[in-house]
Amino acid sequence: MIDIPSVQWAGANAVKAMIDDVIAENLDVEKIFSSSKSTFRIADLGCSVGPNTFVAKQNITDAVQQKYQSQGFASQMPEFQVFLNDQASNDFNTLFASPPPERPYFATAVPGSFHGRLFPNFSLDFVYSSYALQCLYKVPEELLNKNCAAWNKGRVHYASAPDEVAQAFTTQFTKDITAFLDCRAKELVVGGLMVLIMPGIPNGIPHSSSLTGGIFDFLGQCLMGMAKEVS
Ligand SMILES: C[S@@+](CC[C@H](N)C(=O)[O-])C[C@H]1O[C@@H](n2cnc3c(N)ncnc32)[C@H](O)[C@@H]1O
């Protein structure tokens, strides 16, 4: 059986090298320092209830501290403020009941959708999001309309569906990611950094052959079976 949170855990760990490189190569410590800012603000968008979010935050704060040290600013380390965002329905109580005891940052919950504005202009130094951007803002309406070529017959995914279904999902994703990027463009400081992790498949691989496609197809069949039993 495939354990989805473990896949995300593996992803969060594999991305450590990417975070290290992004910060080592692009974080302009001298500019931050000359602006007299003493707080480095990080947002995790779609953080869920942990524990992956805490691993990622540790990786980011470690890499920033490393960069400060390598640039000769070891004695002027910033304080870290971490914003943990998810939908308002997320279990923030569980999340905040289990933080690592010695976390080197102040943590704040930010409930709300990342498809809209969550932070003031130019207030974030680093945006991180892991396995959350694939969640669409809404189900495309044509998937539910029996008279449309994109009617998805109750399925929850496009893996074994006609091209029109995949196209409807693509159109919604394009709107969603555009809204997400527009918001973050306003919220990040100039020179701010962003690491986004999303499941994907290489071009040319049929949807039905992808691992996630197979998982969601199977899950969808179970949900449809359960729905039939209660109806
Ligand atoms: C699969 S979990 C990933 C959790 C964690 N980031 C990780 O890597 O383990 C996806 C999370 O994204 C959140 N999410 C989905 N859409 C969202 C939105 N529009 N705004 C904020 N969070 C969202 C979900 O509530 C869920 O907690």
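The values are calculated or read from the model by the stated rules, or taken from the named source; none is laboratory data. What you see is a predicted model, and the numbers here were worked out from it, not measured in a lab. Ideal geometry is used to build each Cβ from the backbone, glycine not excepted, and the neighbour counts take in all protein chains shown. Protein only, heavy atoms only, side chains kept; ligands, DNA and RNA dropped before computing areas. Shrake-Rupley method; radii C 1.70, N 1.55, O 1.52, S 1.80 Å.
Only residues that are more than 14 Å from the chain's Cα centre (by Cα) and free of Cβ contacts under 8 Å to residues at least 40 places away in the same chain were counted across the range 174-195, and they come to 5.
Pairs are defined by a Cβ separation below 7 Å, a sequence spacing of at least 6 or placement on different chains, a first member in the range 122-137 that is closer than 14 Å to ALA185 by Cβ, and a second member that is open to solvent by less than 10 Å² (accessible area, probe 1.4 Å) and near the ligand (Cβ under 8 Å from one of its atoms); the pairs so defined are VAL127/LEU45. Within the range 95-122, the only residue that satisfies the criterion of being modelled with pLDDT under 95 and within 12 Å of the ligand (Cβ to nearest atom) is LEU95. Could you tell me whether the range 189-196 includes any residue that is assigned to a loop (DSSP other than H, G, I, E, B) and not β-branched (Val, Ile, Thr)? The answer is no; no qualifying residue exists. Looking for something touching a strand residue (DSSP E or B) at 6+ places or on another chain (Cβ under 9 Å) and either away from the ligand (no atom under 16 Å from the Cβ) or open to solvent by less than 20 Å² (accessible area, probe 1.4 Å) (or both) - is there at least one such residue anywhere in the range 136-144? No, the range 136-144 contains no residue that is touching a strand residue (DSSP E or B) at 6+ places or on another chain (Cβ under 9 Å) and either away from the ligand (no atom under 16 Å from the Cβ) or open to solvent by less than 20 Å² (accessible area, probe 1.4 Å) (or both).
Among the numbered conditions (1) closer than 30 Å to PHE33 by Cα; (2) open to solvent by less than 20 Å² (accessible area, probe 1.4 Å), the only one that GLY220 does not meet is (1).
When the residues of the range 72-93 are narrowed to those that are of a type in the set (Phe, Trp, Tyr) and more than 16 Å from the ligand (Cβ to nearest atom), which ends up surrounded by the most Cβ atoms within 10 Å (Cβ to Cβ)? Checking each candidate, the answer is PHE80.
One residue stands out among those in the range 36-71 that are charged (D, E, K, R) and open to solvent by less than 10 Å² (accessible area, probe 1.4 Å): the one that is modelled with the highest pLDDT, which is ASP44.
Counting just the residues of the range 150-178 that are touching an Asp or Glu at 6+ places or on another chain (Cβ under 8 Å) and open to solvent by less than 70 Å² (accessible area, probe 1.4 Å), which one comes out nearest to the ligand (Cβ to nearest atom)? Ranking the qualifying residues of the range 150-178, first place goes to HIS157. Within the range 155-170, restricting attention to residues that are in contact with a helix residue (DSSP H, G or I) (Cβ under 9 Å, 6 or more places away or on another chain), part of a helix (DSSP H, G or I) and not aromatic (Phe, Trp, Tyr), the residue that is nearest to LEU211 (Cα to Cα) is ALA166.
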